[in-house]
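Engineer: Below you will find the structure I want to go over with you.
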Amino acid sequence: MLEGLDPVQRQAATVLEGPVRIVAGAGAGKTRTITRRMAYACACGSWEPSRTLAVTFSVRAAAEMRDRLTKLGVSASLQAATFHSAALHQLRRVWPQVSETYPPDLIEDVGPLVSSAYQRVCGQEADPGQVRDLTAEINWAKVGLIAPQDYVRVCAASHRLPPAGLEADRMADLYTVFESSKAAHNQMDFNDILLLVCHILEEGGQAAADIRGRIGWLTVDEYQDVSPLQHRLLKLWLNGRQNLCVVGDPAQTIYSFAGATSYYLLNFPQEFPGIKADLDLSTDYRSTGRVVHYANGILARSPVRDDYLKLTSARQEGSRVAMTRYEDDADEAGAVASRISSMIRKGARPGQFAILTRINAQQTLICRALHERGIGYRVRTESGWQNQSVDLSKQEVLEQLEGGTGQGRVTVSTIHAAKGLEFAHVFIVGCAEGLIPFGSPPEGDALEEERRLMYVGVTRAEDTLHLSYAEHKDGSAFVRRTPSRFIHR
């Protein structure tokens, strides 16, 4: 179980008492390390598999973790799940102990409820874009533990502007109506799953004891993406116990806009002063030396660069990072597709390629260019931070049918949706101000989030990395773009 681990990974895998913090850079083998740690602890008899819980942020990541644990001979009673899946399982198990009523129905699409609340508060219908933005705002408030009655105060203190042109008090009213409508119909959204389990744990009693009794050892993956709500839940799960291992990378925090924060990862030693191990995994086994050097260069210009690991590649230097300027978006899409076609003719497989975009709208021209050249592709669009948190999506089912790798098709994806994936050859298109970073924000939190997003995109590449931008947007010959400030030599 410890075979093949480097010295730091081995140390992480053999410190079986918590609290433990592992800061793991891109490609540093964090999943290998924490699954080996859990397997080793169970094999030694130090942990009981049935009382071991590992939580992560996507169904795909949880499935990968379970697959690795199974191959290591770990009992299926060890639970590896998303926060939402784990909490939903707990909620359904203890519900008869806390209520004589039926449990709330889970609604996956709250759009109609948000639309109805908007109409009641504003007296008119919301367009699809407004519904999307209002839903995101409600989610942001709930994961930030901001109740409707506190929303106006929080907006005033943080200078936050509500979406859809609403004043803060109208947004608070809409939020209130939304929550009341759910309650009236005995419904809950994804965030309510976590909130309800928190409430049960805070109330104490037999139901709380039942939940906590099944969690003896807790591992949290992607800890840089924990929200205040998720942090509250894990603290209530532990109830003062110390058997916690967290793994994450501050440089890969790309969901701050939705409530995620690296604060808990960065301040872990202060929150858990009895820390047993505090380790950095900084050797990148995925990317070539030149790709790693480029990634380090992106973070080196950050005002908070001391919060980030500097990676060292375990591989050879490899090909240089290519940067190309094109006349317009169509030229860029066509040239990238032609380059991929040429590499496929020379023996590369389509599934080894990824074309990464900042926003979904960039993908239309890319897909058209691939289609015109007879290259099969699959599209991964960004549909939200909390997407795929409870059940398999259609996309994930298709990937499993393909063996999980999509070897026969090029992946076209937003950078957000590509997080956690890796490809031999990566093309990041639209590396211009306004796209990456999106909106060309000034120095501050928004720009830093964009910097981390570019870093995540770059570190998806194993062998080759191709960056490009179009000087002109199609149909806008008089608007000239400039290269992204994240581009360097």
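Engineer: Show the residues, 5+ positions off or on another chain, whose built amide H is closer than 5 Å to the amide H of Met323.
Structural biologist: When sequence neighbours closer than 5 places are left aside, the close amide H contacts are Leu467.
Engineer: Return one whole number: the accessible area per residue of the stretch 107-185 in Å², for a 1.4 Å probe.
Structural biologist: So the stretch 107-185 comes to 53 Å² accessible per residue, rounded to a whole number.
Engineer: Could you work out Rg/(2.2 N^0.38 Å) for the stretch 260-327, with Rg from alpha carbons only?
Structural biologist: Taking N as the residue count of the stretch 260-327, the ratio is 1.48.
Engineer: How large is the Kirkwood hydrodynamic radius of the stretch 1-40, in angstrom, based on all distinct alpha carbon pairs?
Structural biologist: 10.1 Å
Engineer: Specify which residue in the list Ala126, Thr33, Gly434 is farthest towards the positive end of the charge dipole of the chain, using unit charges on the beta carbon of Lys, Arg (+1) and Asp, Glu (-1), about the Cα centre.
Structural biologist: Highest projection toward the positive end goes to Thr33.
Engineer: Going by amide H atoms built from the backbone, whose H comes under 5 Å of the H on Asp328, apart from near neighbours?
Structural biologist: Under 5 Å from the amide H of Asp328 lie the amide H atoms of Glu471, His472, each far enough along the sequence or on another chain.
Engineer: Something else about it: Name the long-range amide H neighbours of Gly434: under 5 Å, sequence gap of 5 or more, or other chain; modelled H, no Pro or chain starts.
Structural biologist: Gly439, Ser440
Engineer: Run the numbers on the stretch 181-290 and let me know its relative contact order in percent, using alpha-carbon pairs under 8 Å that are six or more apart.
Structural biologist: This gives 24 percent for the stretch 181-290.
Engineer: Sticking with this one: Can you list the HN-Hα couplings for the stretch 432-446, worked out from phi with the Karplus curve (6.51, -1.76, 1.60; θ = phi - 60°), rounded to whole Hz and with x for Gly and Pro?
Structural biologist: Per residue, the Karplus-derived 3J(HN,Hα) values read 10, 4, x, 9, 10, x, 5, x, 6, x, x, 3, x, 4, 5 Hz.
Engineer: Which percent of the accessible heavy-atom area of the stretch 107-185 goes to carbon and sulfur, probe 1.4 angstrom?
Structural biologist: Heavy-atom surface of the stretch 107-185 belonging to carbon and sulfur, 1.4 Å probe: 49 percent.
Engineer: Say the cut-off is 32 Å between C-alpha atoms; which of Lys30/Lys142; Lys71/Lys419; Lys71/Lys346 go over it?
Structural biologist: As for pairs spanning more than 32 Å Cα to Cα, those are Lys71/Lys346.
Engineer: Here is a further query. Find the centroid of the Cα atoms in the stretch 253-293 and in the stretch 53-123, then give the distance between the two in whole Å.
Structural biologist: When both Cα centres are located, 25 Å separates them.
Engineer: Once a ≥ b ≥ c are taken as the square roots of the eigenvalues of the Cα gyration tensor of the stretch 179-302, is the result rounded (a/c under 1.5), prolate (a/b larger than b/c) or oblate (a/b not larger than b/c)?
Structural biologist: oblate
Engineer: Which one, Leu91, Ala361, Val246, projects farthest toward the positive side of the charge dipole computed for the chain from Cβ point charges (K/R +1, D/E -1)?
Structural biologist: Positive-most Cα among the choices belongs to Val246.
Engineer: Roughly how many whole Å is it from the C-alpha centroid of the stretch 180-197 to that of the stretch 21-47?
Structural biologist: 35 Å
Engineer: Counting C-alpha atoms alone, how compact is the chain: give Rg to one decimal and Dmax as a whole number, in angstrom.
Structural biologist: Values for the chain (Cα only, Rg and Dmax): 23.2, 69 Å.
Engineer: Something else: Go through the stretch 359-370 residue by residue and turn each phi into a ³J(HN,Hα) via Karplus (6.51, -1.76, 1.60, θ = phi - 60°); whole Hz please, and just put x for glycine and proline.
Structural biologist: 10, 4, 4, 6, 7, 4, 5, 4, 5, 4, 5, 5
Engineer: Quick one: Debye curve from the alpha-carbon atoms of the stretch 107-185 only, equal weights, vacuum; give me log10 I(q)/I(0) at q = 0.16, 0.17, 0.19, 0.23 Å⁻¹ to two decimals.
Structural biologist: Listed by q, the Debye log ratios stand at -0.52, -0.59, -0.74, -1.10.
Engineer: Would you work out the relative contact order for the chain, in percent, from Cα pairs under 8 angstrom that are 6 or more residues apart?
Structural biologist: 18 percent
Engineer: If you find the alpha carbon centre of the stretch 446-489 and of the stretch 346-385, how far apart are they in angstrom?
Structural biologist: Centre-to-centre distance over Cα atoms comes out at 16 Å.
Engineer: Can you work out the Karplus-derived ³J(HN,Hα) for every residue in the stretch 94-111? Use 6.51 cos²θ - 1.76 cosθ + 1.60 with θ = phi - 60°, whole Hz, and x for glycine or proline.
Structural biologist: 9, 3, x, 7, 10, 7, 8, 8, 5, x, x, 6, 7, 9, 7, 10, 8, x
Engineer: Here is a follow-up. Let me know the charge dipole size of the stretch 107-185 about its Cα centre in debye, to the nearest 20, where only the beta-carbon of Lys, Arg (+1) and Asp, Glu (-1) is charged.
Structural biologist: 180 debye
The values are calculated or read from the model by the stated rules, or taken from the named source; none is laboratory data. Here the structure is a predicted model, which means the values were calculated and not measured. FYI the Cβ positions are ideal-geometry reconstructions off the backbone, even for glycines, and counts take in every protein chain you see. Ligands, DNA and RNA are excluded from the accessible area calculation, which covers all protein heavy atoms including side chains. Shrake-Rupley method; radii C 1.70, N 1.55, O 1.52, S 1.80 Å.
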